[in-house]
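Throughout, read-outs are computed from the coordinates displayed, never taken from laboratory work. Here the structure is a predicted model, which is why all the values come from computation and not from measurement. Cβ atoms come from the backbone with ideal geometry, glycine included; neighbour counts cover every protein chain shown.
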Amino acid sequence: MITKIIMPKLGETMEEHEIIGWLKQEGERVKKGEPLFEVITDKVNFEVESSASGFLRKILATEGDTAAVTETIGYIADSMEEELPQVSEQTEAPSPAFGGENQLSDKAETPPSPPKEKKIKASPRAKKIAEESGIDLSRITGSGPGGRITRSDVEDFQALVQSPSEVIAPVQTPSEVIPLSGMRKTMAERLSQSKREAPHFYLQTEVDMSDAVRMRQSLLKEIEKRHGVRLSYTDMIIKSVAQSLGEFPMLNATFENGEIRLSGQVHVGVAVSVEAGLIVPVVREANRKTLGQIAQEKTGLIARAKANQLALEDLSGGTFTLSNLGMFDVDGFIGIINPPQVGLLAVGRIKEMPRVIDRQVAIREVMNVSLSIDHRAVSGAYGAQFLSRVKELLEKPYLLLMDL
């Protein structure tokens with residue numbers, strides 16, 4: 001029995017996924033539910049489990065290839081002797097999105113046309129590398145199914161023609177080209193969409209964090225003792241944002257298809273920079289959690305993010321985003337809203353600044369914050385009230401302990 005290996009749909013907006021690599025080789029035995037291959041989604045790298053038990057009979061899409069959702073990328077068989085289904089030329093031909101031509105039948109008599117050039121079958125990644133390197137794909141013999149040219153075929157050919165025996169004239173070293181793929185490509189598309197479609201409106205203020213600094217210092221040992229993690233300023237900001245979102249539900253919402261959808265739960269996303277790009281793991285129901293619980297959950301999320309071990313549920317369902325660059329000595333910045341959310345809070349570093357208190361100059365711990373809102377869903381006055389409440393909770397941090 002032959003079972004198709006289908007590229008699954010792993011994100012609401014994703015129509016294709018790039019294959020990072022196969023965890024099994026052709027001919028190896030696989031078990032149902034066992035991780036079979038790894039792909040890049042719009043949020044995180046994800047291991048796809050096998051839907052059947054048997055032998056990995058054939059791999060159709062290799063590492064670096066991009067496959068459309070529901071496309072067949074391989075086969076599992078009860079034995080390696082089973083014959084594979086015949087794949088028609090029409091199925092293997094490139095789709096219009098990659099330069100193919102519509103195959104239209106015309107029963108009317110037409111004069112004979114000159115012979116068409118033979119179509120070259122190649123994976124999207126192979127075509128991309130060949131285009132960037134100026135390689136003629138017609139010079140390459142493909143090793144993939146049906147003679148399809150793979151990424152490794154192009155790289156092998158590139159190494160061959162660049163060997164000393166093939167060099168005829170000096171070649172200028174080209175500038176480095178880094179194609180957008182996977183997480184970076186998705187991030188670029190989503191943020192471009194946000195700036196293009198959402199009318200951003202910005203509000204900024206200063207927060208006197210002097211009392212918050214003292215309270216954090218006094219809580220460090222107790223929270224570490226109870227929860228095994230170190231309380232950070234980000235944890236306190238998450239708590240203040242979550243509490244404020246419960247009071248200002250229009251900012252705890254999404255804007256989709258011309259409608260504002262209020263969320264019944266407060267899930268605060270925290271922007272985290274990783275090697276592959278920017279991801280936003282979510283602290284769920286943050287308004288119902290204590291500072292210690294938030295610190296514990298956020299610490300675990302960031303650790304899994306750095307180790308590339310986040311699950312899809314860790315990154316889904318965020319209702320508002322917090323981006324803190326204070327640890328990089330950034331004084332302040334303005335963030336881009338993470339669609340379809342309608343708000344983002346950008347936070348800079350805490351630094352000592354002279355301020356006038358009761359007509360006296362004093363040194364205070366000051367932090368710049370900036371609120372970005374989607375003006376289609378939230379008015380400036382409403383956003384100002386929300387920001388003012390966040391500021392109040394951080395300047396009177398004992399209010400964050402009301403649920404202890």
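Treating region 298-387 as a set of equal point scatterers at the Cα positions, no solvent, please give the Debye-formula log₁₀ I(q)/I(0) at q = 0.11, 0.12, 0.17, 0.23 Å⁻¹. These q points yield log10 I(q)/I(0) values of -0.46, -0.54, -0.91, -1.15.
For region 2-86, just say rounded, prolate or oblate: build the C-alpha gyration tensor, square-root its eigenvalues into a ≥ b ≥ c, call rounded for a/c under 1.5, and beyond that prolate if a/b exceeds b/c, oblate if not.
Working: a/c = 2.07, a/b = 1.74, b/c = 1.19.
Prolate shape, in that a/c is at least 1.5 and a/b is the bigger ratio.
Each Lys or Arg adds one and each Asp or Glu subtracts one; over the other residues with Cβ under 9 Å from the Cβ of Lys391, this totals -3. Here each label is just a point 7 Å from Cα along the line to Cβ, and for Glu224 and Gln193 those points are 4.3 nm apart.
When the chain is fully extended, how far beyond the present Cα-Cα distance does Arg355 get from Gln385, taking 0.36 nm per residue of separation? Don't jump to the answer; show the numbers that get you there.
On the way: separation 30, 0.36 × 30 = 10.80 nm, distance 2.32 nm.
Taking 0.36 nm per residue and subtracting the Cα distance, the gain is 8.5 nm.
If you restrict to DSSP beta bridges whose two residues both lie in region 2-86, what percentage is antiparallel, to the nearest 5? Intermediate values should be presented prior to the final figure.
Numbers: 23 of 23 bridges.
So the antiparallel bridges amount to about 100 percent of the total.
Between Ile178 and Glu285, the simple spin-label model (points 7 angstrom out along Cα→Cβ) gives 4.0 nm.
From least to most packed, judged by other beta carbons within 10 angstrom and beginning with the fewest, Met327, Met353 follow the order Met327, Met353.
Model label points for Ala68 and Tyr398, set 7 angstrom from Cα along the Cα-to-Cβ axis, are 6.4 nm apart.
Can you give the extra length, in nm with one decimal, that the chain gains between Glu256 and Ile334 once fully stretched, where that is 0.36 nm per residue apart less the Cα-Cα distance? Don't skip to the answer; put the middle values down first.
Numbers: separation 78, 0.36 × 78 = 28.08 nm, distance 2.30 nm.
25.8 nm is the gain from fully extending Glu256 to Ile334.
Secondary structure note: in region 312-364, about 55% of the DSSP beta bridges are antiparallel. Note on region 183-401: lysine pairs with Cα distance below 23 Å, sequence gap of 8 or more or different chains, count 23. Cβ crowding within 10 Å ranks Thr234, Thr70 as Thr70, Thr234, fewest other Cβ atoms first. What is region 338-388 by shape, rounded, prolate or oblate, if you read a ≥ b ≥ c off the alpha carbon gyration tensor as root eigenvalues and call it rounded for a/c under 1.5, prolate for a/b larger than b/c, and oblate otherwise? Oblate shape, in that a/c is at least 1.5 and b/c is the bigger or equal ratio. Taking a ≥ b ≥ c as the square roots of the eigenvalues of the alpha-carbon gyration tensor, region 177-269 is classed prolate because a/c is 1.5 or more and a/b outweighs b/c.
Can you give the FRET efficiency for Glu83 and Ser133, using 1/(1 + (r/R0)^6), R0 = 30 Å, r = Cβ-Cβ distance, to the nearest 0.05? Calculated transfer efficiency: 0.20.
Sort His375, His267 by Cβ crowding within 10 Å, fewest neighbours at the top.
Fewest-to-most ranking of His375, His267: His375, His267.
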